[in-house]
1. Of the conditions (1) of a type in the set (A, V, I, L, M); (2) surrounded by 14 or more Cβ atoms within 10 Å (Cβ to Cβ); (3) more than 18 Å from residue 18 (Cβ to Cβ), residue 48 fails just one. Which one is it?
2. Counting residues that are at pLDDT 85 or above and in contact with a Gly (Cβ under 7 Å, 6 or more places away or on another chain), which helices (runs of 4 or more DSSP H) fully inside region 38-102 reach at least 1?
3. Starting from region 141-170, keep only residues that are in a helix (DSSP H, G or I) and among the polar types (S, T, N, Q), then list their pairs with residues that are surrounded by 10 or more Cβ atoms within 10 Å (Cβ to Cβ) and at pLDDT 65 or above whose Cβ atoms are within a distance under 6 Å, requiring at least 6 positions of separation or different chains.
4. Report, by residue number, each residue of region 79-99 that is in contact (Cβ under 8 Å) with a residue 12 or more places away in the chain and within 24 Å of residue 60 (Cα to Cα).
5. Among the residues of region 33-66, which ones are in contact with a Phe, Trp or Tyr (Cβ under 7 Å, 6 or more places away or on another chain), among the β-branched types (Val, Ile, Thr) and either under 13 Å from residue 126 (Cα atoms) or in contact (Cβ under 8 Å) with a residue 60 or more places away in the chain (or both)?
6. Which one is nearest to residue 41 (Cα to Cα) among residues in region 100-133 that are polar (S, T, N, Q) and free of Cβ contacts under 8 Å to residues at least 40 places away in the same chain?
7. May I ask you to list the residues in region 109-139 that are crowded, with 23+ Cβ neighbours inside 10 Å, under 26 Å from residue 61 (Cβ atoms) and touching a Leu at 6+ places or on another chain (Cβ under 6 Å)?
Amino acid sequence: MDLFTGYFGIGVVLGILGGIFAVSVHKIVEHEATILLTMAAADVALLAVILTATALVAGLLQDYFERVIERAAGLRGFFRPFRIMASVCAGAALVAFAGAMVADSSDEVLRASLFGLASGLTTWAIVGNVWLISIFMDQSNKQRGLARAIETFKKNRPETPSDKTPSPKPPRR
C-alpha cells in the first residue's frame, strides 16, 4: 500500500463515519445553517491551501527533479492527489452551501442527507489536506537532498579529458 492509497482510504472511511455520525445527531442540531456555512467556509479555505500547495510544488519541479518525476510517474500522475483533493474540497463546499439553503425545509431526509454528506466530505478534506502537506514536505526534502547530491557529485568527480577545453589549433599557412 502506497502513501496515496493509505490516506485516500483513511479519508474515505473517516468521511463516511463522519457523515453517518452527522446524520445520527442531525435531529438535535439547532443551528444547522450556521454549521453548514462554517463547514463551507472551511472547505473553501482548504481548497485554497491545496491550490497554493499545487503552485508551490509546481515551482519546485525544475531541472533534474522534473525529469525524474516525468519518467517515474509523469506530471499528470504526480499531480493526481492534488486534483482529487481539490475536487473533494470543492464538492464539500458546494454540498454544505446547498445544505444551508435547504436548512429551513421541512424535508427531513434531504436535510439530513446533505448535512451528513457535507460532514463526510469535510472530514475527508481535512484528512486529505494533512496528507498533501506531508507529501509536499517530503517532496521538498527529496528535492533539496537531490540538489545537494548533484552538487557534491559535480565538485568531487575526477576531471576527465572531455571536461578539458581543447586548446585552439594554430592557423595553417
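The values are calculated or read from the model by the stated rules, or taken from the named source; none is laboratory data. None of the values given here were measured: they were computed from a predicted structure. Positions of Cβ are backbone-derived with ideal geometry, glycine not excepted, and every protein chain shown enters the neighbour counts.
1. So the condition that residue 48 fails would be (2).
2. Details: elements: 63-72, 74-78, 80-101.
Where helices (runs of 4 or more DSSP H) fall fully within region 38-102 and carry at least 1 residues being at pLDDT 85 or above and in contact with a Gly (Cβ under 7 Å, 6 or more places away or on another chain), they are 80-101.
3. 143/60; 143/65
4. Scanning region 79-99 gives 79, 80, 81, 82, 84, 85, 86, 89.
5. Matches in region 33-66: 50, 57.
6. Restricting attention to region 100-133, the residues satisfying the condition of being polar (S, T, N, Q) are 105-106, 113, 119, 122-123, 129.
The next check asks that each one be free of Cβ contacts under 8 Å to residues at least 40 places away in the same chain; those that pass are 105-106.
On the way: 105: 22, 106: 25 Å.
If we take residues in region 100-133 being polar (S, T, N, Q) and free of Cβ contacts under 8 Å to residues at least 40 places away in the same chain, then 105 is nearest to residue 41 (Cα to Cα).
7. If the condition is that a residue be crowded, with 23+ Cβ neighbours inside 10 Å, under 26 Å from residue 61 (Cβ atoms) and touching a Leu at 6+ places or on another chain (Cβ under 6 Å), then 125 is the only one that fits.
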